[in-house]
Amino acid sequence: MRRSIKYQLTAVFLSLLMVLSGTAMKAEASPEQSSQATGDLQTQITETARGLRLTLDGKDEKILNQPKLLPAGSSLSDWAAFALALSGEKDAYASYEKELKDYVKKQYEQNGSLSDRKATEYHRIILTVLALGEDPKDFGGYDLIKDGTYNYQGDDLGMQGVNGWIFALIALDASGAQVPEDARYTKEQIKDSILKEQNEDGSFGLMPGTSDPDLTSMALQALAPDYDTDLKVQDAADQALGWLSGHMTETGSFESYGAESAESCAQAVIALTALGIDPASDERFTKNGVNLLDGLKRFKRDNGGYAHTVDDSESNFMATEQVLMAQVALQKYENGQGSLYDFTDYKGPSQSGNYAVPVIAATLTIAAGAGVWMIFRKRGKTHA
């Protein structure tokens, strides 16, 4: 009788664990596989966010309500809002959202669009809007997805080289938008345009024939959602990974434009985690015991921010915001919550710690004979 009850309770326990933890995913890492303990990584995220604030003006206070320093709609400002929102740090998100809506409205009223030559102006703002918990299909009355991706009314999505195609695909997948049949660009056309830009050695560059680790990593980020379902994408991604691995330095970084940079490391981490690859343990990205995360540490400065190059004595705002994004991407990977740009179930900045690690204390008390079992389980959101 006792054994029967014990088996039944065990079955209930296992069922609850399955519900809480969700379906196993390729991108989910077990605790043994995790490159950093969750608590330690959260501490790093908090320190980097603080470093971002200090790098801006030397003050550890909210920065998204300072339009003179960070005007909404600029590249530096939008990516800062994106990174901070996903990190769960407290900041003036409502204020920034209002300023961004005003900027979008002004651009449309004065120019008829955000840009007819730089499609990435749309893509960056789309991702920022998503990070703020808003709908880019109706942001201030404007459909940024339609105007900036599949029905882009500018000269061409590829006017900026492969960058335009890459972030158009990222923005489309991040928003979950459906592309209508009469669209100017289908998702397949956008994806194929990226694949056509790949060099024979597997790399990508801003212009045809050039190779760059940052662009190669960004292309991988865009292609990652289709890796398991599209053989062309899988082959291209594998070649790109091979090129990245071959160009990783002994110090755990990459050389871009003559110098190793924190941004190159950060983009590689975002790419690997999007593909379900642990940047701390994958043999392709470990040289003489040094991995990408080790490489990133070389750029950290005393204020918690990150320098652009190792030789720079002071932290750099752009480098720090990209490292912050990489840390959030790593945290989402370790908790089986998809890529950095996966907004499934996302509701907006939590302002109470990283949204990517909501911890549900699933307390199950089972009385069996003289024993009481208390089980606490972290829950990771399921992602497409």
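The values are calculated or read from the model by the stated rules, or taken from the named source; none is laboratory data. Quick caveat: nothing in here was measured; it's all calculated off a predicted structure. As a convention, Cβ positions derive from the backbone with ideal geometry for all residues, glycine included, and neighbour counts pool all protein chains shown.
A few remarks follow.
- For Asp345: the one exception among (1) over 14 Å from the mean Cα position of the chain (by Cα); (2) touching a residue at least 12 places away in the same chain (Cβ under 8 Å); (3) on the phi < 0 side of the Ramachandran plot: (3)
- When Phe317 is tested against (1) under 20 Å from Gln44 (Cα atoms); (2) aromatic (Phe, Trp, Tyr); (3) over 19 Å from the mean Cα position of the chain (by Cα), just one condition goes unmet, and that condition is (3).
- Screening Gly148 with (1) in contact (Cβ under 8 Å) with a residue 40 or more places away in the chain; (2) over 21 Å from Leu324 (Cβ atoms) gives one miss only, at (1).
- So Asn163, is it in contact with a Lys or Arg (Cβ under 6 Å, 6 or more places away or on another chain) and closer than 30 Å to Gly209 by Cα: no
- For Leu296, the criteria (1) under 15 Å from the mean Cα position of the chain (by Cα); (2) part of a helix (DSSP H, G or I) hold in every case but one, which is (1).
- Arg124 meets the stated requirement of being surrounded by 15 or more Cβ atoms within 10 Å (Cβ to Cβ) and closer than 21 Å to Gly158 by Cβ.
- For Thr251, the test of being more than 19 Å from the chain's Cα centre (by Cα), under 29 Å from Ala174 (Cα atoms) and either of a type in the set (D, E, K, R) or not in a helix (DSSP H, G or I) (or both) is failed.
- Considering each residue of region 267-284 in turn, none proves to be assigned to a strand (DSSP E or B) and farther than 23 Å from Asn316 by Cβ.
Listed here are the residues, each with its yes/no results for (1) of a type outside the set (D, E, K, R); (2) more than 25 Å from Asn151 (Cβ to Cβ); (3) at pLDDT 95 or above; (4) surrounded by 13 or more Cβ atoms within 10 Å (Cβ to Cβ).
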site: Gln189; (1), (2), (3), (4): yes, no, yes, yes
site: Glu200; (1), (2), (3), (4): no, yes, yes, no
site: Met207; (1), (2), (3), (4): yes, yes, no, no
site: Thr216; (1), (2), (3), (4): yes, yes, yes, yes
site: Ala222; (1), (2), (3), (4): yes, no, yes, yes
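- Cβ-Cβ under 8 Å pairs, at least 6 apart or on other chains, region 266-290 side among the aromatic types (Phe, Trp, Tyr), far side part of a helix (DSSP H, G or I): Phe285/Leu244; Phe285/Ser245; Phe285/Ala268; Phe285/Leu272; Phe285/Leu292
- Any hit, region 171-178, residues being under 28 Å from Phe285 (Cβ atoms) and of a type in the set (S, T, N, Q): no
- Search result, residues across region 181-195 that are within 13 Å of Ile166 (Cα to Cα) and out of contact with any Phe, Trp or Tyr (no Cβ under 7 Å at 6 or more places or on another chain): Lys187, Glu188, Gln189, Lys191, Asp192, Leu195
- Just one of the listed residues (Asp182, Asp230, Asp135, Asp155) is more than 26 Å from Ala94 (Cα to Cα), under 22 Å from the mean Cα position of the chain (by Cα) and surrounded by fewer than 21 Cβ atoms within 10 Å (Cβ to Cβ), and it is Asp230.
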